[in-house]
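The values are calculated or read from the model by the stated rules, or taken from the named source; none is laboratory data. Worth saying up front: this structure is predicted, and the values here are computed from it rather than measured. Heads up, the Cβs are rebuilt from the backbone with ideal geometry, glycines too, and the neighbour counts pull from every protein chain shown. Accessible surface is based on the protein model in full, side chains and every heavy atom, while ligands, DNA and RNA are left aside. Shrake-Rupley method; radii C 1.70, N 1.55, O 1.52, S 1.80 Å.
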Amino acid sequence: MKLRYKITTGLLAVVAGFTGWAAWYMSHDSECLPMATLSEGQAAMHAIQYRCYGGPEVLEHIEVAKPEPGEDEILVRVEAAAVNPLDWHYMRGTPYVMRLMGAGIGAPADPRMGVDYSGVVESVGKGVDGFQPGDRVFGGHSGAFAEYVAVGVDSAVTAIPGNTSFAQSAAVPIAGITAIQALRDAGKLKPGQKVLVNGASGGVGTFAVQIAKAMGAEVHGVCSTRNVERVLSLGADHVFDYKKDNYLDSGEQYDLIIDNVGNHSLLANRKVMTENGTLVIVGAPDGKWIGPLTRPIGAMFINPFVSQSFEMLMARMKKEDLVALADLMAEGKVRSVIDRHFPLAEVPAAIAYSETGRARGKIIIDPN
């Protein structure tokens, strides 16, 4: 065998070996480590935490140290929290690329669970202005599945509108912010345009229908038979029951499609998009490796060759967007759709229910 072939074969073997090691490194699950013990006399609270990746069985209802607010933080007594798909993606550590992006290799980097919360300010740091004990607030912060959470005043936290309950406000942050950024930022929605929300009865979908209507759009939704009336009650002008109708065969033309489901290919959606229409990818196929990335990658390849635009949304928790949502709630233009409540100890069951994809709106956790 010639030397160059030996070198090439050797290099390929090295590449294959490194690829296999990298795949193992990203995907391996470490054993659960013991939880840190409380110091004697330390104030405690109940919380849901996890020490290793896996199904709902890795979630533990335990006592942990009650947080103290820093100089620019407020301590919130959590009255309600909400479940999101993000929670079970972190719980399982999938897709594996999340682990490289800070979730933790082998085991969670942060044992806390939950993001969406609402509650009452119990105490404030020395440098805090604008909040005081007794204020009703809501927002998004790691560790929401607990009795208390300490959050920075510059983070995504704001006052609960007077016409909104703790449960209704806790349901808003991740889903509501995702919806408003999909419509306004990625979709560049303008008054009078026609919008289709695929997956209109889910967490993001119920907010997208209402926000699009508040922005002056004609709104069409797609959902199952049992949710048609609910989506219509949120302000949709027309609803497709996907068990009976396929919106691809409707002959409609949409300026914007918010796709929370991904059950039709990007190219198939072109037939119901206007010449310069936009499709925003919010939902993605399941999968631990490449599956969730197929649509964003497809969009990158398609965009240069068509007049329409296919955009992948990576929502960011922004205070100004939460304030905008609070204003819409105060005006009665946006309300939360709540499926059911679970106590804090039953977060594993709540997340298992969320993973079924059958929730009709938001799932609420009641810590107290």
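Worth pointing out:
- Hydrodynamic radius of the chain by the Kirkwood approach over all distinct alpha-carbon pairs: 22.1 Å.
- Listed residues Thr274, Thr356 arranged by accessible area, highest first, probe 1.4 Å: Thr356, Thr274
- Solvent-accessible area of Ser309 with every protein chain in place, 1.4 Å probe, in Å² to the nearest 10: 30
- Of Lys318, Lys190, Lys244, the residue with the largest accessible area leads and the full order is Lys244, Lys190, Lys318 (1.4 Å probe).
- Distance in nm between pseudo-label sites at Arg226 and Asn263 (7 Å out along the Cβ direction from Cα): 1.4
- Taking every protein chain into account, the accessible area of the stretch 168-271 amounts to 36 square angstrom per residue (probe 1.4 Å).
- For the stretch 231-359, averaging the sequence separation of C-alpha pairs within contact (under 8 Å, six or more residues apart) and dividing by the residue count gives a relative contact order of 16 percent.
- When the chain is treated as a GNM with alpha-carbon contacts under 10 Å, the residue of Ala159, Ala65, Ala326 showing the greatest mean-square fluctuation is Ala65.
- Radius 10 Å from Cβ of Val239, net charge of other residues (Lys, Arg +1; Asp, Glu -1): -3
- Gain in span if fully extended, Ser155 to Asn276, counting 0.36 nm per residue against the direct Cα distance: 40.0 nm
- Per residue, in Å², the accessible surface of the stretch 296-368 once ligands and nucleic acids are set aside, probe 1.4 Å: 51
- Centre separation in Å (Cα based) which lies between the stretch 134-208 and the stretch 56-120: 17
- Taking only alpha carbon atoms, the stretch 260-368 gives an Rg to Rh ratio of 1.05, where Rh is the Kirkwood radius.
- Treating r as the C-beta distance of His238 and Asn163 and R0 as 45 Å, the FRET efficiency rounds to 0.95.
- Gain in span if fully extended, Asp110 to Lys190, counting 0.36 nm per residue against the direct Cα distance: 24.8 nm
- Note on the chain: GNM, Cα springs under 10 Å; of His89, His28, His141, the largest mean-square fluctuation is that of His28.
- Cysteines in the chain that, by Cβ-Cβ distance, have no pairing candidate under 4.7 Å: Cys223
- Percent carbon-and-sulfur accessible area, the chain, ignoring ligands, DNA and RNA, probe 1.4 Å: 55
- Evaluated at q = 0.12, 0.14 Å⁻¹, a Debye calculation over the C-alpha positions of the stretch 144-282 (equal weights, vacuum) places log10 I(q)/I(0) at -0.50, -0.65.
- Distance between the 7 Å Cα→Cβ label points at Ser142 and Gln42: 1.7 nm.
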